[in-house]
Each structure stands twice: as C-alpha cells, then as structure tokens.
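Colleague: Following this message is one structure expressed as structure tokens.
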Amino acid sequence: MYNQSLDIAYTDNGLSLIFRGELTLHNISKIQKKIDTLEFEKDKTVLLDLAKVVLLDSAAAIFIYNLEKKLHSENIESEILCDDKDLLSMLALVKLQKSRYDKKEEPKKRGVLERLGRVVYAKQMLFLQFIAFLGELFAHSFHYLSSLKNIRYKEMLFEINESGVKALSIVAITTFLIGVVVAYQSAYQLKMYGANIFIVDMLGISILRELAPLITAIVIAGRSASAYTAQIGTMKITQELDAMKTMGFNPYKFLILPRIFALMIVVPLLIFVADIMGVIGGMIIASVDLGISATLFLDRFDDVIAAKHFFVGIAKGPFFGFLIASIAIHRGLSVEDSTQSLGTNTTKSVVEAIFAVIICDALFSIVLTKLGI
C-alpha cells in the first residue's frame, strides 16, 4: 500500500505542488486542508506535479479539476505535470463531464417569430408522429382483418359495452335536451310567421344530419377518449406494454385495434339512438308550444324528411369513432414516465378528439353539399 503525501516546493517561477502515492476520496480532505493554508501569487505559476502518483480515483480527479478552476478564477496560471496515460484519461474525462454541467446558458428573450417557429415545429413533429402511428395502425389492420381468427371478439365486445352501452344514457339524455332546446327556440320565431308546421322540417334535417352525430361524437370524445388515453398511458408507465412485447404479444392486436373497431361499431348505433331521442324532444315541444300533435308531426316528418339525411348522419359514425379512438390511443402511447405527462396527454386527447370531430363534420357538410346529397 502506498502512502500519500503532498510536498510543497517554491521556485523562481512559482509554486510546485508535488503529489505522491494514492490520491483517493479517503485522503484528499487532508491535502485540501494543507492547500488551504497556502497563499498563491498572481504573477507566479502553480505546477501540479502528478508524476509520482500511483492511483487516482474520480473523487481525486474532481479535486484536481476544482483546484485548477479555483486558480483560474484568481487569474493564476496552473500546469499539470503527468506522464501516466491512465491518470491523464481520468482527468480528461472529469474535465469533460464537469465542463458540461458548469456551462450555464444565459437566459435570453425569444422573439415573437422564434416562439411562433418553435410552436409550429412542435405541432409539425406531433402531426408527423401521428401520421407514422396511422401508417403502422393500417399495416396491422390488414393483418388483423386477414383472418377471422385474428379478431379479438371478447375484447371488442368488452369495449363496446364500456364505450357504447354504458354511454347510452348520457347520449340519450343529451340529445333529448338538444332537441327540446332547438325546438323551443325555433317555435318562438315560427309562431311569428304562422309557419308552425315547418318546425318538423327544421328539426328533422338538423338533428338527423348534423346535431345528433356531432353531439354523440363530442360526448364519446369526452368520455372514451380520456379513458383510452389513461388506460394506455398507465400501461406504458407501468411497463405493461414492454412486458407484452417481451412475451410476444402484439399491443396493436390485443389493445389498440379492438378499441378502435369497437368505437367504429358503437358510434353509429349511438347516433341512431340520438336521432330518436332528439326527434322525441322536438316533438314534445311542438305539441306543447305549437299545438302540433304527435300524429301530425310524424306524418309531416315522413313526407318531407328524406332517408338520405338519416343515412348521412349514420355514415359519419365510423369516421368519428376512428378519429376519437386513434387520437386517444396515440396520446396514450405518447405518455412519458410521469403522472403529470399522463394528465397532460389525457386532457389533450379530449380536446384534440373534439376538434378533429368538428373538422371532420365540417368537411362532410361541405363535400356532401357540393355533391347534392
């Protein structure tokens, strides 16, 4: 075992600190106390002689680095004397790592264009990630649907029950109230012109074609999108997804595709229920406020409301369901290892799903109107 010591030699050019033996965490405190008693002159050079050092650990290397840094801060020149490659490598490694941590970027004010550019870039990268997710999703979908044996019927039925059957009451109540509100507000205007019967035309087209599909999709986005993101995100945090991959289970086959197909199936069914409840709500107000009986209302409804309006509303369901599920699951897969990230992505999934549904509905309206449907 080597002893450690520090010799101090004064020369004409400055001061030499001659280290000997082993420099480790256990003995650098004694050397530090000895160095603290020295007075360094600014016009002299301090030589750190490590030629007789036989062992240098990381703590001692950090000590040498800090000593050099202290001398430099006092405008005192320092120089290391060492021929051992291992010691020099240790010193170089510590200097590299410490310099990274010591660098402090001065905070600078970002201009409006820079902030805007950063936001646009972040949104662009998120969009590209979502497109990549869709590409992988469609690739797995082709394999998933290539054989009936690949379809996970049990998981799909479970998700239909969770996302559809359990949401039936809230969708029915919401669209019923929407029908009541729309009919009540319209009745006041129609009575002024004696056009009471036209409330059937307005309610039929607006509810079947637009309101029922849109309200249903928004309710499902708020209810199921958050659930999907929270479920997938929690499984990612707890590394259940990694465990599934390790055991040879494909997350797309067992988790993602059953949820997406379940929502694509159940949303049109919920829209059908929403159509019925919305029309019933409007029919009640028409009877109470405008004196239009249920028989007259239904006869007029059958005469003036074309079946295409009903089918257009139902046809929107699979598209809305796909958008809601895919956005929610993508947000779930984007969750990082923190509960804060889980909450943030859950909130964003709901907002983005509702926004996507509204955009999709607007595109449907424009295209179908141009086509005369």
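Colleague: Arrange the peptides 348-360, 299-311 so that the one whose residues have, on average, the most other Cβ atoms within 10 Å appears first.
Modeller: Descending packing order for the listed peptides: 348-360, 299-311.
Colleague: While we're here: If you add up the charges near PHE198, with Lys and Arg at +1 and Asp and Glu at -1, over every other residue whose beta carbon is less than 13 angstrom from its beta carbon, what do you get? Let's see the in-between values first.
Modeller: Working: positive: LYS191, ARG300; negative: ASP201, ASP303.
Charge balance near PHE198 sits at 0.
Colleague: With an 8 Å cut-off on Cα pairs and a minimum separation of 6 or more residues, tell me the relative contact order of the stretch 172-286 in percent.
Modeller: 62
Colleague: So what's the net charge close to ASP361: Lys and Arg +1, Asp and Glu -1, counting the other residues with Cβ under 9 Å from its Cβ?
Modeller: 0
Colleague: With only Lys, Arg, Asp and Glu charged, each at its Cβ (+1 for the first two, -1 for the last two), find how big the charge dipole of the chain is about the Cα centre; round to the nearest 20 debye.
Modeller: Roughly 780 debye, rounded to the nearest 20.
Colleague: A follow-up question, please. Of all the C-alpha pairs in the stretch 241-348, what % are more than 17 Å from each other? Please report the intermediate quantities before stating the final value.
Modeller: Numbers: 3975 of 5778 pairs.
Above the 17 Å cut-off, the stretch 241-348 has 69 percent of its Cα pairs.
Colleague: May I pose another question? Run down the lysines and flag those whose C-alpha is under 20 Å from the C-alpha of LYS42, throwing out any fewer than 8 positions away in its chain.
Modeller: List returned: LYS34, LYS69, LYS70.
Colleague: Sorted by packing (mean other beta-carbon atoms within 10 Å per residue), highest first, where do 116-128, 153-165 land?
Modeller: Working: 116-128: 10.7, 153-165: 16.5.
Taking the mean over residues of other Cβ atoms within 10 Å, the ranking is 153-165, 116-128.
Colleague: Still on this structure, please answer the following. Determine the distance separating the Cα centre of the stretch 349-373 from the Cα centre of the stretch 118-149; give it in Å without decimals.
Modeller: Distance between centres, Cα-based: 20 Å.
Colleague: What residue among THR11, THR45, MET235 has its Cα farthest toward the positive end of the dipole of the chain, where the charges are +1 on Lys, Arg and -1 on Asp, Glu, each on the Cβ?
Modeller: MET235
Colleague: Roughly to the nearest percent, how much of the accessible area of the chain is carbon and sulfur, given a 1.4 Å probe?
Modeller: Solvent-exposed carbon and sulfur of the chain make up 63 percent of the total.
Colleague: Another question, if that's okay. Using a 1.4 angstrom probe and counting only protein chains, how large is the accessible area of LEU47 in Å², to 10?
Modeller: Solvent-accessible area, nearest 10 Å²: 50 Å².
Colleague: Please identify the DSSP H helices in the chain that span no less than 20 Å along the helix axis (Cα) and have a mean Kyte-Doolittle hydropathy of 0.5 or more.
Modeller: What comes out of the filter, once short or polar helices are dropped, is 112-145, 168-193, 257-289, 307-333, 339-371.
Colleague: Let me ask you something else. Please report the accessible area of THR37 (heavy atoms, 1.4 Å probe, ligands and nucleic acids excluded) in Å², nearest 10.
Modeller: For THR37, the solvent-accessible surface is approximately 110 Å².
Colleague: Can you compute 3J(HN,Hα) from phi for each residue in the stretch 201-211, using the Karplus curve 6.51 cos²θ - 1.76 cosθ + 1.60 with θ = phi - 60°, rounded to whole Hz and x for Gly and Pro?
Modeller: 4, 5, 5, x, 5, 5, 6, 5, 8, 10, 5
Colleague: Setting aside same-chain residues fewer than 8 positions from LYS308, which aspartates and glutamates have a Cα under 19 Å from its Cα?
Modeller: ASP201, GLU210, ASP275, ASP299, ASP361
Colleague: With unit charges on the beta carbon (Lys/Arg positive, Asp/Glu negative), name the residue among VAL350, SER338, PHE322 whose Cα is farthest towards the positive pole of the charge dipole of the stretch 316-373.
Modeller: Farthest towards the positive end: PHE322.
Colleague: Per residue, how much accessible surface does the chain expose to a 1.4 Å probe? Answer in Å², no decimals.
Modeller: Values: 21670 Å² over 373 residues.
With the other protein chains kept in place, the chain gives 58 Å² per residue.
Colleague: What whole number of Å gives the distance from the Cα centroid of the stretch 227-278 to the Cα centroid of the stretch 286-332?
Modeller: The stretch 286-332 and the stretch 227-278 have Cα centres separated by 25 Å.
Colleague: Can you compute the equivalent ellipsoid semi-axes for the chain, i.e. the square root of 5 times each eigenvalue of the Cα gyration tensor, sorted largest first and rounded to whole Å?
Modeller: 75, 25, 16
Colleague: Given an 8 Å cut-off on Cα distances and at least 6 residues of separation, report the relative contact order of the chain as a percent.
Modeller: 17
Colleague: Net charge within 12 Å of LEU116 by Cβ-Cβ distance, Lys/Arg positive one each and Asp/Glu negative one each, not counting LEU116 itself? Write down the numbers at each step before the final one.
Modeller: On the way: positive: ARG110, ARG115, ARG118, LYS123; negative: GLU114.
Here the count lands on +3.
Colleague: Still on this structure, please answer the following. Sorted from largest down, what three extents in whole angstroms do the Cα atoms of the stretch 93-235 have along their principal axes?
Modeller: 87, 53, 24
Colleague: Where Rh is the Kirkwood radius over the Cα pairs of the stretch 181-222, the temperature 20 °C and the viscosity 1.002 mPa s, what D in µm²/s does Stokes-Einstein return?
Modeller: Translational diffusion coefficient: 190 µm²/s.
Colleague: Same structure, new question: For LYS154, go through the lysines and keep the ones whose alpha-carbon is under 27 Å away, minus same-chain ones fewer than eight residues off.
Modeller: LYS166, LYS236, LYS245, LYS253, LYS316
The values are calculated or read from the model by the stated rules, or taken from the named source; none is laboratory data. Bear in mind that the values here come from a model prediction, so they are computed numbers and not experimental data. Heads up, the Cβs are rebuilt from the backbone with ideal geometry, glycines too, and the neighbour counts pull from every protein chain shown. Surface accessibility is based on the protein's heavy atoms, side chains included, excluding ligands, DNA and RNA. Shrake-Rupley method; radii C 1.70, N 1.55, O 1.52, S 1.80 Å.
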